[in-house]
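The values are calculated or read from the model by the stated rules, or taken from the named source; none is laboratory data. No experiment lies behind these values; they were computed from the predicted model shown. Here the Cβ is made from the backbone with ideal geometry for all residues, glycine too, and neighbour counts use every protein chain on show.
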């Protein structure tokens, strides 16, 4: 019996695993993740680290601090917290990204911490996003983050794995957010609760990286512990598009002496050469198999109150539901493609945010905003009345 991609990645990061031994769903293992990311909650992890008697970081290249959650709060207390986090990072040689760099999960992907076949954990529920890169991203609690700082390892039970077969191609105007909203609404009986989800099928090849990030991210709302895409040419193209950034002298953040941020073209070539390691075996065994024809997906809205309920856009139009506030932000979809699509709607549908609507805007990263500014999309949105 073959292995799922989740089982393969878990085995790669299992600490002390005997040579030749495989890892299966249900196994309890000690894992040594490539990275552990914390954001504003680093301030809460530091005292836990000290409470367990630790004084040194086991592997200074393993933690990444990326401040993003409460950056509008300029109170003396919050600024003091951020200063303490930065000082701790400097003391221990940990990579640090200050407020304003971007959303932490976007930074982890943009700055080359998440690579194919890697296991990357974070003290945040949306670390599932890393699965877009053929990696295994899953959340840990703050105490686990502290123990990883101190020892490099923590325990993990390999979850059951759900196979989600995506077929066909999306219609024009339908995006990754619609796919995951449809999955949450169609399969709303806890089918993937506490599972890891692996996306396969010919439909995957038609999804750009931005859509994969959105879908993987929102597997959290679907109840899953991870959402993983296979390694393919889309992954390779994205990896290659990032290479120039790693030698950019204006690159954001402060990296420690042992930083594992970034990769080389030789790394990408090696991953592609060994790509079978980053895909499930043909005879892998899954706990459940679900299927979605992408051609049947139409734009949807979640809710009210939960993602298990969804309403199609045509139905919303018939109901003429009034809107007071709109948001284009967060780690699920505030990337360049989302800003571009929103700007195009503004250009073709009247050029202004409707009266009585507050439209809030925040890019996934400073790099994303700069790119949107270079195309004029950011200016279009702000000029239409969006609130940054």
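Note on the stretch 367-388: residues that are loosely packed, with under 15 Cβ neighbours inside 10 Å and in contact with a strand residue (DSSP E or B) (Cβ under 7 Å, 6 or more places away or on another chain) total 2.
Considering each residue of the stretch 163-173 in turn, none proves to be farther than 30 Å from residue 300 by Cα, at pLDDT 95 or above and in contact with a helix residue (DSSP H, G or I) (Cβ under 8 Å, 6 or more places away or on another chain).
So that you can scan it fast, the table gives a plain yes or no per residue for (1) modelled with pLDDT of 95 or more; (2) buried (at least 19 other Cβ atoms within 10 Å of the Cβ); (3) touching a helix residue (DSSP H, G or I) at 6+ places or on another chain (Cβ under 6 Å):
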| site | (1), (2), (3) |
| --- | --- |
| 200 | yes, yes, no |
| 211 | yes, yes, yes |
| 219 | yes, yes, yes |
| 228 | yes, yes, yes |
| 233 | yes, no, no |
| 236 | yes, no, yes |
| 249 | no, no, no |
| 259 | yes, no, no |
| 268 | yes, yes, yes |
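Taken over the stretch 59-80, the residue count meeting the criterion of being over 25 Å from the mean Cα position of the chain (by Cα) and either within 27 Å of residue 360 (Cβ to Cβ) or surrounded by 13 or more Cβ atoms within 10 Å (Cβ to Cβ) (or both) is 6.
To keep it simple, each residue is scored yes or no on (1) touching a helix residue (DSSP H, G or I) at 6+ places or on another chain (Cβ under 7 Å); (2) assigned to a loop (DSSP other than H, G, I, E, B); (3) at pLDDT 95 or above; (4) not assigned by TED's automatic domain parsing to the domain that holds residue 108.
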residue	(1), (2), (3), (4)
333	yes, yes, no, yes
339	yes, no, yes, yes
343	yes, no, yes, yes
346	yes, no, no, yes
355	no, yes, no, yes
371	yes, no, yes, yes
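Rundown of residues vs (1) in a loop (DSSP other than H, G, I, E, B); (2) free of Cβ contacts under 8 Å to residues at least 60 places away in the same chain; (3) on the phi > 0 side of the Ramachandran plot, yes/no style:
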| residue | (1), (2), (3) |
| --- | --- |
| 171 | yes, no, no |
| 174 | yes, no, no |
| 177 | no, no, no |
| 182 | no, no, no |
| 185 | no, no, no |
| 189 | yes, yes, no |
| 193 | yes, yes, no |
| 199 | no, yes, no |
| 202 | yes, yes, no |
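Would it be correct to say that residue 237 is at positive phi, without any contact (Cβ under 8 Å) to a residue 40 or more places away in the chain and within 20 Å of the chain's Cα centre (by Cα)? No, not satisfied. One residue stands out in the stretch 291-310 among those that are in contact with a helix residue (DSSP H, G or I) (Cβ under 8 Å, 6 or more places away or on another chain) and assigned to a strand (DSSP E or B): the one that is modelled with the highest pLDDT, namely 292.
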